[in-house]
Amino acid sequence: MPEDINKKFKTLQKTVKQYHPKADFDLLKLAFDFALEAHKGSKRMSGEDYVYHPLATAQTLAEMKMSLPIVIAGLLHDVPEDTNFTLDDIKKNFGNDIASLVNGVTKLGTIKYRGIERYIENLRKMFLAIAKDLRVILIKFADRLHNLKTLYALPRNKQIRIASEVLEIYAPIANRLGMYEMKGQLEAEAFKYLYPKEYNWLKQLIEEQSKRKEKYLNKVIAFLKKQLQEENVDFIEVKGRIKQLYSLYKKLLRHDKDINRVYDFIAIRIIVKDIADCYSVLGIIHKIMKPLKGRIKDYISQPKPNGYSSLHTTVFTPDGEIIEVQIRTEEMEEEAEYGIAAHWYYDEKGSFKKHRQTKWIDELTEWQKELSANQKFLEKLKIDVFQDRIFVFTPNGDVIDLPAGATPVDFAYSVHTDVGNQCVGVLINNQIATLDKKLKSGDVVQVLTDKNRKFPNADWLKFVKTSIAKNKIKSSLSKRTLIDKFLKK
Ligand code: MN
């Protein structure tokens, strides 16, 4: 056995030890030996011994601080499919829980992207797998991430298929589960294979820009730290962060590829102790730096549907540069990175960490209960599970989930407030439709907007379904009333 394999396993042990010192390390070693034996003699397309792949998968999961059964299932995830050992062997050695995780990953392996017509079916399978055991998805993400990293060894057609699956299926689901870090990594790797030219262009652009901005950023960070200290506000960290590669690319496409128009390309992130401090910091920043209109976002009082919370503001620095500042607590930072995965996260003391659940997760947990009460039912289960939710698509394939009965106006507001306010018409599956038309799962919805339109139509309140649309329409209309009153005087 190459020495290197042992070294990788040592690293894995060390990583687990850091967040979970009381883990059953004998069981972890057993899993490693088992995987080593099972995959003995087989190679990856890259020419490496196969076992590097499950090791890398487990390492990713350990870096996400996942509980031991998840890490072990990561080590064993390809055993039943690719070796002479069976799921029963895993059950005998590692118990039912780990065996069922491995089984779930094996089953998910059959999901393949075959273009838009199979898209819904794939998504459905994926969601069902989530509803059955969310941990399976986490393992599948780690598995896919390593497959992407070794994609260079595969023929071009396979590269394209695997990378498309990631952009069309995995990344939207990671996003839905609030796993931004995972989503960003998956997208960046897939992007590289699907759009190699654009990827290289962007890589270079980022390098040039960060070099140019680094010094300036450090100056602003030092300035901010000093101001916060003077105001006696405790902070844990003030740092710079670069926008995720693929989201940056998509944003650039909307701004004529002009990086100077993407204000959150580099943002400053301030981590503080509690929510009260978040707002104090925001106040101090606005006192010393003028905020840009319409760019203050309070995701603490109104978190995104996937649970994302943070305060965002874009400000003019004293010398006139524009920069985005994000303010959040440590817990919000953790959740933004790991999302749903934070539920299987161990803190340093090795105790299970309780995190606030998003509504979406509550729903899934409910389904999960219903499903496990009747396993047979699961076989026959169709999209009905999601009967009170529909999944519709933006023209570039992003999935938006809405309550059943939602209309194009609900869709518009869930994409962006401005899209809602400026909405004048809609194409559903390329056909003109009315704004009160009830959407169906699988519809591709394209909202037509008029940039000059400032306010929504009050009649929309009669048919919109989501509270997000209702609230935004009402608040925009009240602004108009206020302006009208003011102009009359
Ligand atoms: Mn695998």
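The values are calculated or read from the model by the stated rules, or taken from the named source; none is laboratory data. For clarity, every value in this text was computed on a predicted model and none was experimentally measured. Because the Cβ atoms are built from the backbone with ideal geometry, glycine has one as well, and the counts that use them run over all protein chains shown. Keep in mind that these areas ignore ligands, DNA and RNA; they rest on the heavy atoms of the full protein, side chains included. Shrake-Rupley method; radii C 1.70, N 1.55, O 1.52, S 1.80 Å.
Tabulated results
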| item | result |
| --- | --- |
| Percent carbon-and-sulfur accessible area, the range 3-193, ignoring ligands, DNA and RNA, probe 1.4 Å | 50 percent |
| Dipole magnitude of the range 197-338 about its Cα centre (Cβ charges: Lys, Arg +1; Asp, Glu -1), debye to nearest 20 | 740 debye |
| Probe 1.4 Å, accessible area per residue of the range 3-193, Å² | 40 Å² |
| Under Karplus coefficients 6.51, -1.76 and 1.60, residue-wise ³J(HN,Hα) of the range 467-473 in Hz, glycine/proline x | 5, 4, 5, 4, 4, 5, 5 |
| Rounded Å value of the spacing that divides the Cα centres of the range 431-489 and the range 164-223 | 32 Å |
| Antiparallel bridges, percent of DSSP beta bridges restricted to the range 387-488 (to nearest 5) | 95 percent |
| Amide H partners (placed H, <5 Å) of residue 325, local residues excluded | 268, 313, 314, 315 |
| Accessible surface, the range 197-338, averaged per residue in Å² (probe 1.4 Å) | 53 Å² |
| Summed residue charge, Cβ within 12 Å of residue 11's Cβ, Lys/Arg positive, Asp/Glu negative | +3 |
| The range 197-338, accessible surface, carbon-and-sulfur percent (1.4 angstrom probe) | 49 percent |
| Test item: Cα-centred dipole of the range 395-483, Lys/Arg +1 and Asp/Glu -1 on Cβ, debye | 400 debye |
